[in-house]
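Peer 1: Before we start, here is the structure in question, set down as structure tokens.
The values are calculated or read from the model by the stated rules, or taken from the named source; none is laboratory data. Given the structure is predicted, the values throughout are model-derived calculations rather than measurements. Glycine gets a Cβ as well: all are built from the backbone with ideal geometry, and neighbour counts include every protein chain shown. Please note that ligands, DNA and RNA were not included when accessible areas were found on the heavy atoms of the full protein model with its side chains. Shrake-Rupley method; radii C 1.70, N 1.55, O 1.52, S 1.80 Å.
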Protein chains: 2
Amino acid sequence: MHKSSIGPVEPKDFVKDYGEAGFVLENGSTLPALTIRYETYGKLNATADNAVWICSPLTADAHAAGWYTENDKKPGWWDELIGPGKAIDTDRFFVVCSNILGGCKGSTGPATINPRTGKPYGSTFPIITIGDMVHAQKELADGLGIKEFYCVLGGSMGGFQAMKWAIYYPEQVKRIVIIASSPRFSSQALGFEVVARDVITQDPYFNGGDYYDKAQKPDVGLANARKLAHITYLSAIGMEQKFKRAQAQENKSHAVTYSTPFDLNLPIESYLRYQGKKFVDRFDANSYLHIAHATDAFDLETEYGSIENAFKDIGAEVLNVNLSTDWLFPPHESRRITSALLNVGKSVTSLELDTQFGHDGFLIEVGELGKAVGRFLDSKIIPQQGTQAVPVFHEESDFKLLGKLVKEGSHVLDLGCGSGDLLDYLAKKKKVTGFGIEKNITGILDCLEKDVQVIQRDLDDRGISDLKDGSFDYAIINRTIQEIRDPVALLNELLRVAKKAIVTFPNFGHWTTRGSLMLHGRMPKSKELPYEWYDTPNIRLLTVKDFYTLCKKEGFRIENISFQSEHTLSKVLTAIGIPNFGAEHVIATISKK
Amino acid sequence: MHKSSIGPVEPKDFVKDYGEAGFVLENGSTLPALTIRYETYGKLNATADNAVWICSPLTADAHAAGWYTENDKKPGWWDELIGPGKAIDTDRFFVVCSNILGGCKGSTGPATINPRTGKPYGSTFPIITIGDMVHAQKELADGLGIKEFYCVLGGSMGGFQAMKWAIYYPEQVKRIVIIASSPRFSSQALGFEVVARDVITQDPYFNGGDYYDKAQKPDVGLANARKLAHITYLSAIGMEQKFKRAQAQENKSHAVTYSTPFDLNLPIESYLRYQGKKFVDRFDANSYLHIAHATDAFDLETEYGSIENAFKDIGAEVLNVNLSTDWLFPPHESRRITSALLNVGKSVTSLELDTQFGHDGFLIEVGELGKAVGRFLDSKIIPQQGTQAVPVFHEESDFKLLGKLVKEGSHVLDLGCGSGDLLDYLAKKKKVTGFGIEKNITGILDCLEKDVQVIQRDLDDRGISDLKDGSFDYAIINRTIQEIRDPVALLNELLRVAKKAIVTFPNFGHWTTRGSLMLHGRMPKSKELPYEWYDTPNIRLLTVKDFYTLCKKEGFRIENISFQSEHTLSKVLTAIGIPNFGAEHVIATISKK
């Protein structure tokens, strides 16, 4: 991948006067004019449908890529992802990033002069929402002549905006990427917001928000709010690695900005105070409060009745990414977005990235995130060859058999889908829709490459309880049931979410298996069972007979069962009616009685 | 268990003048006099050795049990644990709880009048340590005539004190209970401390700590610090359950104490502000800063070079308890205390309590904590009958065989020790020392009852990498290896920490097993293998031959192997030299080549 930067970039301003009527906000109040500061990278194509829209998180700005002068210490905040040949390829896309409404980096915000009064808005700046931010960005997009959004991406609060983009403009937004986000702030996150809000508004120099003409600003309050917020952006484990007690006194990289008699002279003290100071130098207290309020108030469940309802009319395909150590937007909150999208039949792929960097991970550790975003954006760019031969699979015989069991055009859930080969095969041969569940990141990335929809999940950890009753025609669990801790519970779940379940497993009652144990006294190894007893993922060994017994006990109807055998003796044994001896591999379709 | 309260109690003051020399603090400065406010429950016995000392956490006080007047809304803060017939039984113990040095509930602190100046200490109050708090408490204990501490207990910062008690007074302190504590604050916790410290000291009314004669106090800063701290005492999941967005506007149980235009009128807002207000009414900013500093500075590793070193001379038996959702003193930090104690050969039992209440769990959910504390304190009270018969065990034949394999007086680690029966047997029959590892709480409580030292741990989660090389004569893994995800890694670990490992497992190569699979084609069930294929904890099935092969591959010397068979045919098969067919159960001693 070509890693060069987009190079020197320039911020521009979109300015529009809305006259008497004003730019109407979601709460009904108006702004007489809008200024939106933005940057663009790459060119809009003739059909105006190659726009990739970047939504800025809370305290970032329009400068997402490139640099202003060659002396800049750092490039734009997502430069690793945006540029020629990068995940968000500026050779192909027209990339836009703007500073959000309410901010203090050039777009209209509380510090802007209100043209109606000639003074800064200050305390009179209206309450804004995430939706207002998106509407303002749409004004800019219209001004730029964008007809279609190839993708809208956002991390953290940028994810809130990306969701609103998809909800408000379902026909124009073709894809969204939501990173480290959630359907709303958790109660814990809201708790921190309350503390930050009080710390700023109770600063004696805050003056109700009217401090722009004063010598003293609410800097102490804002700095303390930032120190607190900064902790929530890191992970506990990341902080432990970053700040060692032993480094006390040694690490003086952060100039002392404040001290108390109660200090221990630890790196964490100077670091947080330095972060607070740095933030005060570049941010405005009113902007912080307004944007924080928009974030706090964002709640798809309250606004639309349910998360499902919020998404029911979107037209975008979704890539939803969470970060393992993010506790501000924790994985279990992010997953609710995925579940809701699945349950309203939208196309979603979810990714669970391992990182030690907490919420900030999406700004710091972009390796696998970049790969996933790149593949998500590429998937329709490299045109699929209609005549392309179905690739050769390791288990092609499985696929053929499974293909025969599945009705044309049906909706399928594939548990333990690996690289998505089966779903890809079934999509091509039988026009099935549906998605896979897979725990390994490599499988997820392969699925993205194949345009197979996939959810990253460990079935032992979380199961499929979030999926709706009867939402699939078939749930397929191919060569996976023997790896599941609680296979009986999972089979019951399969028959809750799907009309039929197709289960395939290696037959532990196969004659070679029996023979290995009977004659040699060792746990068997074979093509079907290639592992040692101590490292096999197959922790649940069952035979054909075991399976019959289980189905009877649980009330599963066996609609269809077939046996695969490669060895001649196996074939004979199966043929003469003793598949429990002969079958190397079993494929069964079951349903609820 | 008799649940009645100790009834009406009265706080008392211990007062001592230290003249010119003063009460000397750990940093060398002095206090001319000490006042310690305390309460006692129960009576000191004639030998003055039945004292149970309760160490108060940061913002609690001496009122741990009972009530002052019949109109009191709440009893003392640990009333559920302390009283006649309760876990800390006031019919048997002389229970003492005092308010800590530096506090503001009656003991000497920054708000106290300095007898040398006639004014409150304020900014002149010296920096104090956890050690100073303990030394001050020792003055009180001496004043009360206590000779020996049956137990010292503390949660949170109280745990810091309990550890210091054991370290400073190794001969007098017989037991300590450490709850929801750690060898030091994590970097994340310290980060929050920095924010709280800055928020208080930057309150315009803090005035460097000299505000006692002023009309305005640093109440805003203290309240905001408390709001922040309060969030850290709860868990994310607990907060989600407690504060529902839907309850907005409805839940008005907490009077509005402050509001901003950025509020959402959510329960979390009024709740946190109410907590802040309530705290300001009962606490002093200087006390908060001083006690917080003592907590921040507490660090066994820095102070003693290592946690091991800190504990190497203690005489106390330890019960160390962590709480699953505690993120202020997270379980992985608490576990370092346990590991260090084990590695210096101290007696420690560890408990991992499941709770949704976060750090506050030890004040709220005392059910199993109470049982554990009760059994830990009881264990020596109900005298062991020297002539008591060894109880009948389910697997007594195992025990006899294992007993023969273990040398008298050796040091033993028992992995998956269950209720501690084997260790109890070996202690009685072979005078062995050592401890067990067990994942289930019922096993832990049983071990406490039997006075068997036990560590609560899931071997699949964390293994034994924290245990020192060669610290045991034997590591026994009895009927457990087949339940381990990575048995090879664990066997290697056993032979790292112990000179020899004794492994017992059901032989999957036994003739009845083979027969079940060979003849009936079903996964076998037997006395040794009583589970179904889908719910068995035995996920690693091995045969005698498999075991030989593994030992060869890993370089384990089989010092001794024996086979158990109940069935006559099994006995015959084993006797004629084919144990892989005959053995129902295998017992092997291995060592490293």
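Peer 1: Kindly identify chain A as rounded, prolate or oblate by the Cα gyration tensor criterion: order the square roots of the eigenvalues as a ≥ b ≥ c, call it rounded if a/c is under 1.5, otherwise compare a/b with b/c, prolate if a/b is larger, else oblate. It would help to have the intermediate numbers written out before the result.
Peer 2: Details: a/c = 2.45, a/b = 1.94, b/c = 1.26.
Cα axes put chain A in the prolate bin.
Peer 1: Ignore the peptide's own chain and count Cβ atoms of other chains within 10 Å of each Cβ in A:180-189; give me the average, rounded. Write down the numbers at each step before the final one.
Peer 2: Details: counts 0, 0, 0, 0, 1, 2, 5, 16, 13, 4.
Mean inter-chain Cβ contacts per residue within 10 Å come to 4.
Peer 1: So how much accessible surface do A and B hide from each other in total, probe 1.4 Å, in square angstrom to the nearest 100?
Peer 2: Values: alone 26590 and 26570 Å², together 45850 Å².
Buried: approximately 7300 Å² between B and A.
Peer 1: How about the stretch A:323-366: which GluC sites (Glu not before Pro) there lie in a loop by DSSP and see at most 14 other Cβ atoms within 10 Å?
Peer 2: On the way: sites: A:E333, A:E352, A:E365; in loops: A:E365.
Taking the stretch A:323-366 and a limit of 14 other Cβ atoms within 10 Å, no loop GluC sites (Glu not before Pro) are found.
Peer 1: Here's something else I'd like to know. Across peptide B:545-558, what mean number of C-beta atoms from other chains lies inside 10 Å of a residue's C-beta? Walk me through the intermediate numbers first.
Peer 2: Values: counts 5, 6, 1, 2, 4, 3, 0, 0, 2, 1, 0, 0, 0, 0.
Taking the mean over all residues of the peptide, I get 2.
Peer 1: Pulled fully out, how much extra length does the chain show between B:D535 and B:K407, if you take 0.36 nm times their separation in residues and subtract their Cα-Cα distance? Before the final figure, lay out the partial values.
Peer 2: Details: separation 128, 0.36 × 128 = 46.08 nm, distance 3.71 nm.
Between B:D535 and B:K407, full extension yields 42.4 nm more.
Peer 1: Right, something else. Before anything else, pin down the relative contact order of chain B: Cα pairs under 8 Å, at least 6 apart, normalised by residue count, whole percent.
Peer 2: Details: 1200 pairs, mean separation 56.9, N = 593.
Across chain B, relative contact order equals 10 percent.
Peer 1: Something else: Between the label point of B:Q241 and that of the same position in each other copy, find the distances and list them shortest first in nm, with every label point placed 7 Å from Cα along the Cα-to-C-beta direction.
Peer 2: Those label-point separations list as 3.3 nm.
Peer 1: I need the inter-copy label distances for B:T442: point set 7 Å along Cα to C-beta, values in nm with one decimal, smallest first.
Peer 2: Its label point is 4.2 nm from the equivalent points in the other copies.
Peer 1: Could you give the dipole magnitude of the stretch A:271-326 about its Cα centre, charging the beta-carbon of Lys and Arg +1 and that of Asp and Glu -1, in debye to the nearest 20?
Peer 2: Details: 5 positive and 10 negative charges, 116 e Å.
About 560 debye.
Peer 1: Residue by residue through A:479-486, how many Cβ atoms from other chains fall within 10 Å of the Cβ on average?
Peer 2: Working: counts 0, 0, 1, 2, 0, 1, 4, 2.
What the average comes to for A:479-486 is 1.
Peer 1: So, one more: Take the alpha carbon atoms of the stretch B:11-78, find their center, do the same for the stretch B:309-329, and report the distance between the two centers in whole angstrom.
Peer 2: Between the Cα centre of the stretch B:11-78 and that of the stretch B:309-329, the gap is 23 Å.
Peer 1: So, one more: Grab the Cα-Cα distance for B:K429 and B:K242, subtract it from 0.36 nm times how many residues apart they are, and report the gain in nm with one decimal. Don't jump to the answer; show the numbers that get you there.
Peer 2: Numbers: separation 187, 0.36 × 187 = 67.32 nm, distance 5.25 nm.
Taking 0.36 nm per residue and subtracting the Cα distance, the gain is 62.1 nm.
Peer 1: If you don't mind, another one. Which one of A:T117, A:G85, A:L341 has its Cα pushed farthest toward the positive end of the charge dipole of chain A, where Lys and Arg give +1 and Asp and Glu give -1 at the Cβ?
Peer 2: So the residue furthest toward the plus end is A:L341.
Peer 1: Which value in deg cm²/dmol, rounded to the nearest 500, describes the helix-derived mean residue ellipticity at 222 nm for chain B, given -39,500 (n - 2.57) per DSSP H run of n ≥ 4 and division by the residue count?
Peer 2: On the way: 21 runs with 204 residues, N = 593.
Taking each H run of at least 4 residues, the total per residue is -10000 deg cm²/dmol.
Peer 1: Given labels modelled 7 Å from the Cα in the Cβ direction, how far is it in nm from B:D313 to A:K43?
Peer 2: Distance between the two pseudo-spin positions: 8.0 nm.
Peer 1: Let me ask something additional. Using the basic label-point model (7 angstrom from Cα toward the beta carbon), what is the A:Y68 to B:S306 distance in nanometres?
Peer 2: My value for the distance between the label points is 5.2 nm.
Peer 1: Using the Cα gyration tensor of the protein assembly as shown, with a ≥ b ≥ c the square roots of its eigenvalues, what is the shape: rounded (a/c below 1.5), prolate (a/b larger than b/c) or oblate (neither)? Working shown, then result.
Peer 2: Working: a/c = 2.27, a/b = 1.05, b/c = 2.16.
In terms of gyration-tensor shape, oblate.
Peer 1: Something else: If you place +1 on the Cβ of every Lys and Arg and -1 on the Cβ of every Asp and Glu, how big does the dipole about the Cα centre of the stretch A:324-378 come out, in debye to the nearest 20? Walk me through the intermediate numbers first.
Peer 2: Working: 5 positive and 8 negative charges, 67 e Å.
Taking the Cα centre of the stretch A:324-378 as origin, the dipole is about 320 debye.
Peer 1: When each copy gets a label point 7 Å from Cα toward the beta-carbon at A:D72, what are the spacings between them in nm, shortest first?
Peer 2: So the distances to the same position in the other copies read 6.5 nm.
Peer 1: Would you work out the charge dipole size for the protein assembly as shown about its Cα centre, treating the Cβ of every Lys and Arg as +1 and the Cβ of every Asp and Glu as -1, and quote it to the nearest 20 debye?
Peer 2: Details: 134 positive and 148 negative charges, 518 e Å.
Using only the charged Cβ atoms, the result is roughly 2480 debye.
Peer 1: Are any of the pairs A:K525/B:K592; B:K407/B:K593; B:K138/B:K346; A:K105/B:K244; B:K400/B:K593 more than 29 Å apart by Cα-Cα distance, and if so, which? All intermediate terms of the calculation are to be shown ahead of the outcome.
Peer 2: On the way: A:K525/B:K592 27 Å; B:K407/B:K593 20 Å; B:K138/B:K346 23 Å; A:K105/B:K244 35 Å; B:K400/B:K593 27 Å.
Cα-Cα > 29 Å for A:K105/B:K244; rest within.
Peer 1: Amide H of A:G434 versus every other amide H placed in the peptide plane: which residues, excluding those fewer than 5 positions away on the same chain, fall under 5 Å?
Peer 2: Amide H neighbours of A:G434, under 5 Å, 5+ apart: A:V412.
Peer 1: Along Cα→Cβ, 7 Å out, is where each label goes; now give me the distance between the ones at A:A215 and B:S123 in nm to one decimal.
Peer 2: 2.2
Peer 1: As I understand it, the dipole of chain B uses +1 on the Cβ of Lys and Arg and -1 on the Cβ of Asp and Glu, about the Cα centre. Which of B:T549, B:F206, B:G436 lies farthest toward its positive end?
Peer 2: The Cα lying farthest towards the positive end belongs to B:T549.
Peer 1: I need the shape label for the stretch B:280-342. Rule: rounded when a/c is under 1.5, else prolate if a/b > b/c, else oblate, with a, b, c from the alpha carbon gyration tensor. Walk me through the intermediate numbers first.
Peer 2: Working: a/c = 2.43, a/b = 1.62, b/c = 1.50.
Prolate shape, in that a/c is at least 1.5 and a/b is the bigger ratio.
Peer 1: Which whole-number value in Å² is the accessible area per residue of chain B, probe 1.4 Å?
Peer 2: Numbers: 22910 Å² over 593 residues.
In whole numbers, chain B has 39 Å² accessible per residue.
Peer 1: Taking θ = phi - 60°, what integer Hz values does the Karplus form 6.51 cos²θ - 1.76 cosθ + 1.60 yield along the stretch A:459-475, in sequence order, with x for Gly and Pro?
Peer 2: 4, 5, 7, 10, x, 10, 5, 7, 8, 5, 4, x, 8, 10, 7, 9, 10
Peer 1: Can you name the chain A residue with its Cβ nearest the rotation axis from A to B, and give the distance in Å as a whole number?
Peer 2: Closest Cβ to the A-to-B rotation axis, residue and whole-Å distance: A:I539, 2.
Peer 1: Mean Kyte-Doolittle of at least -0.5 plus a Cα span of 27 Å or more along the axis: flag which DSSP H helices in chain B meet both, please. Write down the numbers at each step before the final one.
Peer 2: Values: long enough: none.
Span-like helices here: none at all.
Peer 1: Right, something else. Which peptide among B:139-149, B:171-181 comes first, and what is the full order, when sorted by highest mean count of other Cβ atoms within 10 Å?
Peer 2: On the way: B:139-149: 17.1, B:171-181: 24.5.
Descending mean neighbour count gives B:171-181, B:139-149.
Peer 1: Looking at the calculated P(r) for the stretch A:209-301, what percent of the C-alpha pair distances fall above 18 Å? Present the calculation step by step, with values, prior to reporting the outcome.
Peer 2: Numbers: 2359 of 4278 pairs.
Every Cα pair in the stretch A:209-301 considered, those over 18 Å come to 55 percent.
Peer 1: Which entries in the list B:K227/B:K371; A:K164/A:K439; B:K12/B:K119 go over 27 Å, if you measure between the two C-alpha atoms of each? Don't jump to the answer; show the numbers that get you there.
Peer 2: On the way: B:K227/B:K371 32 Å; A:K164/A:K439 29 Å; B:K12/B:K119 23 Å.
Beyond 27 Å between Cα atoms: B:K227/B:K371; A:K164/A:K439.
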